[in-house]
Amino acid sequence: MTGRAKKLLSYLLKFSILVLAFYFIYRQIIKHNDSLLKFGHLVSTIPRNHVVITFLFIILLMILNWLLESLKWWHLTRELYPISVWKAIESVFCGLTWAIFTPNRIGEYGGRVMFLPNRKRVHGVFAMAVGSFGQNVITNVLGASAGVWFLYTYLHLNNWLMLGITIVAVVFIGLMLTCYFNIKWMVTLLNSIKFLRKFHRFFDIIGKYNTRELLNIMLFCLSRFFVFTFQYYLIIHLLIPEIPFLQMTLLMFVFFFIQSAVPSLDIIDFGVRNFIAINLFGYLTHQTIAVVVAVSLIYIINLVLPAVIGSVFVFKLKFFDRVY
């Protein structure tokens, strides 16, 4: 393929990504339009400056959330190919643009690793998997802990059943933390499978992260977790101020835990997310419309808005750069 043909194809690919992204962004806005209208009705009695200040904080927290993710990605890539913090930010937001139109947000991997040199892109997928695993560990550990509290507080299960569930939760938490901080075990396991051995150079990327580096990655994950939990608190407190802070926070932990276990497909994710939120917060409030509106708004702010921002960086992608 000639250089001119490659350049033309590169532009076509970028244009296609943007068209797909904005089509799905449009669909998300239409899908959540009812929630946006209901939000306007719900806040009509709340002082306008209170609403504006709350939203400014939520948007600032969104930026902080993705900056933390960018720093985590910058930290992960140091084992592969050092990039600047700014390039890490560009790649994270570009990945979010890809994620908006792909099942389970899998496109986020592709959009992000395209900012790495050609020969490092597959390695980048495995490095990103370490960061995703760390985020998943935090969600599961805090979610399982809050889940035990939820069952004890609201379902009033039999003492022996409750004891059994608590033991299972403790074992589960222990396994998650053990597997994460001994991630080299996973590498050994993968390399022991005959037909996978030829990919050992990619699996070995996972094993390069030592305990100290894994702890640093987990701190980024933990910080992000509390940032978006606080976002939910702000919007729910704005709409339903009578819900106590501690109960709301722990219910959010359970919400994230359950949601992380459900496949995120565009055609079902909206309904499933609302169903989970309504049923969980139904133990604290009967204002289901406010709960649905809050969940929808955070989704728009945390994923749709960054996807729009990331579209700017799609133009920086290099599909046919030279092999390093």
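The values are calculated or read from the model by the stated rules, or taken from the named source; none is laboratory data. Computed from a predicted structure; not experimentally measured. Please note: Cβ atoms are built from the backbone with ideal geometry, for glycine as well, and neighbour counts cover all protein chains shown.
Which of the residues spanning the stretch 250-265 are crowded, with 16+ Cβ neighbours inside 10 Å and assigned to a helix (DSSP H, G or I)?
The answer is L250, L251, M252, F253, V254, F255, F256, F257, I258, Q259.
Any chance the stretch 44-62 includes a residue that's over 19 Å from V291 (Cα atoms), modelled with pLDDT of 95 or more and either assigned to a loop (DSSP other than H, G, I, E, B) or not hydrophobic (A, V, I, L, M, F, W, C) (or both)?
No, that holds for no residue.
Give, as residue ranges, the helices (runs of 4 or more DSSP H) completely inside the stretch 156-208 that count at least 1 residues that are within 26 Å of G143 (Cβ to Cβ) and among the hydroxyl-bearing types (S, T, Y).
So the answer is 159-181.
Has the stretch 100-110 got any residue that is at positive phi and either modelled with pLDDT under 90 or touching a helix residue (DSSP H, G or I) at 6+ places or on another chain (Cβ under 9 Å) (or both)?
yes
Per-residue answers, yes or no, for (1) touching a Gly at 6+ places or on another chain (Cβ under 9 Å); (2) part of a helix (DSSP H, G or I); (3) under 30 Å from I205 (Cα atoms):
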| site | (1), (2), (3) |
| --- | --- |
| L13 | no, yes, yes |
| L36 | no, yes, no |
| L68 | no, yes, yes |
| L76 | yes, yes, yes |
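Step by step: first the residues of the stretch 201-222, then only those that are closer than 20 Å to S70 by Cβ and aromatic (F, W, Y), then the one that is modelled with the highest pLDDT. Which residue is that?
Filtering first and then ranking leaves F220.
Show the residue pairs that are 6+ apart or on different chains and have beta-carbon atoms under 8 Å apart, the first residue being within the stretch 76-104 and more than 29 Å from V262 (Cα to Cα) and free of Cβ contacts under 8 Å to residues at least 60 places away in the same chain, the second being polar (S, T, N, Q) and part of a helix (DSSP H, G or I).
Note: pairs meeting the criteria are I83/T77; I83/S91; V85/S70.
Going by what's in this entry, would F93 be described as touching a Pro at 6+ places or on another chain (Cβ under 9 Å) and among the aromatic types (F, W, Y)?
For F93, the condition - touching a Pro at 6+ places or on another chain (Cβ under 9 Å) and among the aromatic types (F, W, Y) - is met.
Could you count how many residues in the stretch 277-311 are surrounded by fewer than 18 Cβ atoms within 10 Å (Cβ to Cβ) and free of Cβ contacts under 8 Å to residues at least 24 places away in the same chain?
So the count comes out to 5.
Going through T45, T54 one at a time, which residue ends up being hydroxyl-bearing (S, T, Y), over 22 Å from M114 (Cβ atoms) and in contact (Cβ under 8 Å) with a residue 24 or more places away in the chain?
Sole residue among the options that is hydroxyl-bearing (S, T, Y), over 22 Å from M114 (Cβ atoms) and in contact (Cβ under 8 Å) with a residue 24 or more places away in the chain: T54.
From the list F133, F126, F172, which one is closer than 30 Å to F203 by Cα, surrounded by fewer than 19 Cβ atoms within 10 Å (Cβ to Cβ), touching a residue at least 24 places away in the same chain (Cβ under 8 Å) and out of contact with any Lys or Arg (no Cβ under 6 Å at 6 or more places or on another chain)?
F172
Could you list, in sequence order, the residues of the stretch 68-93 that are farther than 17 Å from K120 by Cβ and either touching a His at 6+ places or on another chain (Cβ under 9 Å) or surrounded by fewer than 17 Cβ atoms within 10 Å (Cβ to Cβ) (or both)?
V85, W86
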